[in-house]
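To start, the structure under review is shown below, and the notes come after it.
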Amino acid sequence: MPVSDVLEILPPGVDRFEVRKPMPRGQFDPLSKEILGLKKKLNAVILAHNYQVAEIQDVADYVGDSLGLSQQAARTSADVIVFCGVHFMAETAKILNPNKIVVLPDKDAGCSLEQSCPADKLKAFQATNPNFYTIAYINCSAAVKALSDVICTSGNAVKIVHASPKDRDLLFVPDENLGAWVMEKTGRPMTLWRGDCYVHVEFTHASIMRIRREFPDAPLVAHPECTKAVRMLADEVCSTEKMVDFCKRTPAKQIIIVTEAGMLHRLKRECPDKVFIPAPTDNCRCNECRYMKMNTLEKVYNCMADLQPRIELDPETLRRARLPIERMLEISARP
Ligand code: 13P
Ligand code: SF4
């Protein structure tokens, strides 16, 4: 079935999905040109997550997953970091760069995982077992990071868990699906916090079976924030950046992508000769994160022109949250 026919098999009235064609490299609309001018004037760097809208990805210096973004933030020499992602990502950049200005286009760009794990509740739970070693998925607040032993992302979670002390009881927060997947991969038992990504849990066994039946020859790659019922249908489970590697490597020409729809623009740019089929949910033919989509090109321009909204954190949180992030970066860099 040609990919354009995918639209026909999806529920009526859900036709808002469209993948914008990548702009030819180096060609920009007037607002993007203004942003690039401001970037030079401010000595700024624009970091964008793979789920950002296409026009933001196209002006960014770097587009990637949470791990790549934190590695970029750790090594930048820019004076201003324009973080096009969600709040916890910009906070991570600030923790790594306490003396730089970090701006986020929309300060309300949150995350359901971050919201599921308030720091006071985590602290109370940690008090129930002094032998807990807390591994926090990067999708959490700076206050939660400050309470954790080490941070991980979906790109390095398996490595981080393997490297965790053998004599400690592992507590994994806040994503129970990612945690369950890491337990399967490492064989290490962990106590899992009951949080989830509201976007990835919308993919269901039935919705994925449906798209698999339509494209029986297309490999399927899913994010580990998906439930086990979905992960078990995947050929590959990995972070968004590793999805790029998978799609480049596979000889297949059509690939089913089970994650947030912004990923399709990045993939199209990296593999222009391949067709990416967005996995549907039960209600929609693709899936968007409302928080990631709060950022617009206009807001990127405004946050650079005003240098607001800025990420500010108290010195104690900055100091304590930095340690587990640095531990993650150090373990990640090991061969
Ligand atoms: P990665 O891009 O690190 O795989 O994470 C996905 C995500 O949901 C970030 O919010
Ligand atoms: Fe959070 Fe999920 Fe949105 Fe990522 S996609 S920012 S995990 S709500």
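Just the residues that are farther than 21 Å from TYR198 by Cβ and of a type in the set (Ser, Thr, Tyr), please, taken from segment 135-187. SER148, SER164, THR186, listed by residue number.
The listed residues are ILE331, ILE256, and the only one of them that is over 24 Å from ILE46 (Cβ atoms), within 22 Å of the chain's Cα centre (by Cα) and assigned to a strand (DSSP E or B) turns out to be ILE256.
Residues in segment 141-178 that are assigned to a helix (DSSP H, G or I) and within 12 Å of ligand 1 (Cβ to nearest atom): ALA157, ASN177, LEU178. Among all residue pairs at least 6 apart or on different chains, which show Cβ distances below 6 Å where the first residue, located in segment 27-56, is surrounded by fewer than 18 Cβ atoms within 10 Å (Cβ to Cβ) and the second is outside any helix (DSSP H, G or I) and modelled with pLDDT of 95 or more? Pairs found: LEU42/VAL80; ASN43/ALA78; ASN43/ASP79.
Taking the criterion of being within 15 Å of ligand 1 (Cβ to nearest atom) and more than 17 Å from GLU241 (Cβ to Cβ), no residue of segment 57-82 qualifies.
If you go through segment 233-250 and pick out every residue that is of a type outside the set (Asp, Glu), assigned to a loop (DSSP other than H, G, I, E, B) and either in contact with a Ser or Thr (Cβ under 9 Å, 6 or more places away or on another chain) or within 16 Å of ligand 1 (Cβ to nearest atom) (or both), you end up with 3. The selection criterion, being within 16 Å of ligand 1 (Cβ to nearest atom), touching a helix residue (DSSP H, G or I) at 6+ places or on another chain (Cβ under 8 Å) and closer than 15 Å to ASP65 by Cα, holds for GLU225.
Here's the yes/no breakdown for (1) buried (at least 22 other Cβ atoms within 10 Å of the Cβ); (2) part of a helix (DSSP H, G or I):
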{"position": "ALA252", "(1), (2)": "no, no"}
{"position": "ALA261", "(1), (2)": "yes, no"}
{"position": "ASP282", "(1), (2)": "no, no"}
{"position": "ARG285", "(1), (2)": "no, no"}
{"position": "VAL300", "(1), (2)": "yes, yes"}
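Take the conditions at pLDDT 95 or above and either closer than 30 Å to ALA218 by Cβ or not in a loop (DSSP other than H, G, I, E, B) (or both) and apply them to ARG320. Does it pass? When the stated conditions are applied, ARG320 passes them. Would you check which residues across segment 185-197 are hydroxyl-bearing (Ser, Thr, Tyr) and crowded, with 17+ Cβ neighbours inside 10 Å and list them? Selection gives THR186 alone.
As a summary of the residue check, LEU171 satisfies the conditions (1) within 22 Å of ALA234 (Cα to Cα); (2) more than 16 Å from ligand 2 (Cβ to nearest atom); (3) free of Cβ contacts under 8 Å to residues at least 60 places away in the same chain except for the one numbered (1).
Just so you know, in segment 105-126 the residues that are over 24 Å from LYS299 (Cβ atoms) and either aliphatic (A, V, I, L, M) or within 14 Å of ligand 2 (Cβ to nearest atom) (or both) include one that is surrounded by the fewest Cβ atoms within 10 Å (Cβ to Cβ), and it is ALA124. Scanning segment 186-199 for residues that are over 10 Å from THR281 (Cβ atoms) and within 10 Å of ligand 2 (Cβ to nearest atom), we see that the one that is nearest to the chain's Cα centre (by Cα) is CYS197. All told, VAL102 falls short of being away from ligand 2 (no atom under 16 Å from the Cβ), buried (at least 17 other Cβ atoms within 10 Å of the Cβ) and in a helix (DSSP H, G or I). Each residue in segment 195-232 was checked for being assigned to a helix (DSSP H, G or I) and in contact (Cβ under 8 Å) with a residue 24 or more places away in the chain, and 16 of them qualify.
The values are calculated or read from the model by the stated rules, or taken from the named source; none is laboratory data. From a predicted model like this one, the values you see are computed outputs, not experimental measurements. Cβ coordinates were reconstructed from backbone atoms using ideal geometry, including for glycine residues, and neighbour counts include every protein chain displayed.
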